[in-house]
1. Checking Asn299 against (1) over 16 Å from Val19 (Cα atoms); (2) not in a loop (DSSP other than H, G, I, E, B): exactly one of these is not met. Which one?
2. Only one of (1) part of a loop (DSSP other than H, G, I, E, B); (2) closer than 30 Å to Gly78 by Cβ fails for Leu229. Which number is that?
3. Return the residues of region 455-481 that are surrounded by 14 or more Cβ atoms within 10 Å (Cβ to Cβ) and free of Cβ contacts under 8 Å to residues at least 40 places away in the same chain; say none if nothing qualifies.
4. Output the residue which, of all residues in region 303-312 that are under 19 Å from the mean Cα position of the chain (by Cα) and assigned to a loop (DSSP other than H, G, I, E, B), is surrounded by the most Cβ atoms within 10 Å (Cβ to Cβ).
5. Need the failing condition index for Ser417 against (1) at pLDDT below 95; (2) outside the structural domain of Ile491 (by TED's automatic domain parsing); (3) of a type in the set (S, T, N, Q), just the number.
6. Of everything in region 70-91 that's polar (S, T, N, Q) and touching a residue at least 40 places away in the same chain (Cβ under 8 Å), which residue is farthest from His18 (Cα to Cα)?
7. Of everything in region 490-505, what is out of contact with any helix residue (DSSP H, G or I) (no Cβ under 6 Å at 6 or more places or on another chain) and of a type in the set (Val, Ile, Thr)? Give them in sequence order.
8. If the requirement is being farther than 21 Å from Leu91 by Cβ, more than 14 Å from the chain's Cα centre (by Cα) and not assigned by TED's automatic domain parsing to the domain that holds Ile40, which of these qualifies: Ala269, Ala277, Ala247?
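The values are calculated or read from the model by the stated rules, or taken from the named source; none is laboratory data. Just so you know, these numbers come straight off a predicted model, no measurement behind them. Cβ placement follows ideal geometry from the backbone for every residue including glycine, while neighbour counts extend to all protein chains displayed.
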Amino acid sequence: MAENIRVRFAPSPTGPLHVGGLRTALFNYLFAKQGGGTFILRIEDTDKKRKVDGAEEYIINALKWCGVSADESVIAGGDAGPYRQSERNQLYKKHLQTLIDKGFAYYAFDSEEALDHHREDHQKKGKTFIYNWHNRLKLKNSISLSKEKTQELLNGAEPYVVRFKCPENQTIKTTDLIRGFVEVESSLLDDKILYKSDGTPTYHLANVIDDHLMKISHVIRGEEWLPSLALHCLLYEAFGWKKPLFAHIPLILSPSGKGKLSKRSGEKAGVPVYPMAWGKESKINGYKEEGILPEALINFMAMLGWGPGNEKELYTLEELVKDFDISKISSAGAQFDFEKLKWFNLKHLQKKSGEELLELLISFGCNTKGLSKEKSIEILNAAKERSNTLKDLWGVCCCFYEPPKTYDEKDRKKAISKNTKVVLESLLEMLGSLDSEDAENIRARIHKFCEDASKGEENIKMREIMMPLRMAMVGSLSGLDIGFIISSVGIKESCNRISGFIKTL
């Protein structure tokens, strides 16, 4: 392991942060923190056409919400900045010229029309057009042209790109910390564009230069960049720079297991793919809005493609830092399981105190006024055992703060019988006669009421009493103990709810 660990997460602000990107950032963060190193957030914004307003801010805020904080970034600063690629163009030009001067890169003046013609011609012959050693002398570039002609074109502002001169016969040996040793024949590679005609670098050039100048020791990134590894290794060799160690993490697969988790496959399965809401007019909810805790999301994402090698599943971020081992990242894709994420969330919710949960619900936008803080904490401590998300938690608890506005139609049909109205009117009388709002006393009196009803002429069953009572109090057939609910909201409010439900019969 390197003495001074420096890793980076380098997203492009072309849209919101996908959970796949979040996992890449997390693995970088865990690796850095475990080794006492530095985690850098670099914004790769050289693609001006695809840049989306607000995306950079979203990425920063989403990582912050998840607790994955950068040591060096646009916000935190640092000695290796600027941390936005659009502010580093002079550095790219300088190092690009070095490659050109050393003969590792060259100017290419081919028009798009000319290249399209070559592609079509190859296609007709059943071949694939590759711009490299076997045809570069037949194309319009500074290798096939004289120095004078090349300079003439440059002076005349002829549009050009700069391409890397890929060697003809070289076996490129690369090592990946996850996938092991790989060999690639350079003759199969094309001469990649390093600098575009609009005066901006491509990902390949900027990435290698930035990683070197920022002293990146380990490049931990998604496996979609694996095909670029050979080129990047050649670039390091061309510059005469020491290569970082590479690790390419596997894809996150869709809930069906077919293909990667994308916005489309997520929507199809009803699964968010962003940590937080994205968009202004047509907002797309993320996991924050679904009521998922950031620590649960981080715990779940860490277990996608990685495992500690034992049966432990529940982790805090600090515990993940302690146990993380990059060698235990799988090379196989990991299927996204939303139900498993909700299980993680349940477990993290259960670890929260009632006071912490109250603060979370308030920040979630829930109206918890009307009851004392102490009563709210008591309710939340009881409700957290059956709530997968903050949404679920509020679904269980909202009946303590406000009467039901609607009644679940399916549950309503189950609850109502020919005896319902008479039963509820009798319950009103019984509850109105109580001189104590103690939950145990209410439970005992309801139990006695049910016993007496079962012995009467109508032989009313307990379900014929408890189901409509719960509908009146909660609006559905789910929820906490009914005695606890009546005790918490009070006899007067409970009678109002029962009366209101009777009117709907």
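1. With (1) over 16 Å from Val19 (Cα atoms); (2) not in a loop (DSSP other than H, G, I, E, B) applied to Asn299, the lone miss is (1).
2. (1)
3. Lys461, Met462, Met466
4. Leu304
5. Among (1) at pLDDT below 95; (2) outside the structural domain of Ile491 (by TED's automatic domain parsing); (3) of a type in the set (S, T, N, Q), Ser417 violates only (2).
6. Residues of region 70-91 polar (S, T, N, Q): 73, 85-86, 89-90.
Remaining after also requiring touching a residue at least 40 places away in the same chain (Cβ under 8 Å): 85-86, 89.
Numbers: Gln85: 20, Ser86: 22, Asn89: 27 Å.
That would be Asn89.
7. Hit for region 490-505 is Thr504, nothing else.
8. Among Ala269, Ala277, Ala247, only Ala269 is farther than 21 Å from Leu91 by Cβ, more than 14 Å from the chain's Cα centre (by Cα) and not assigned by TED's automatic domain parsing to the domain that holds Ile40.
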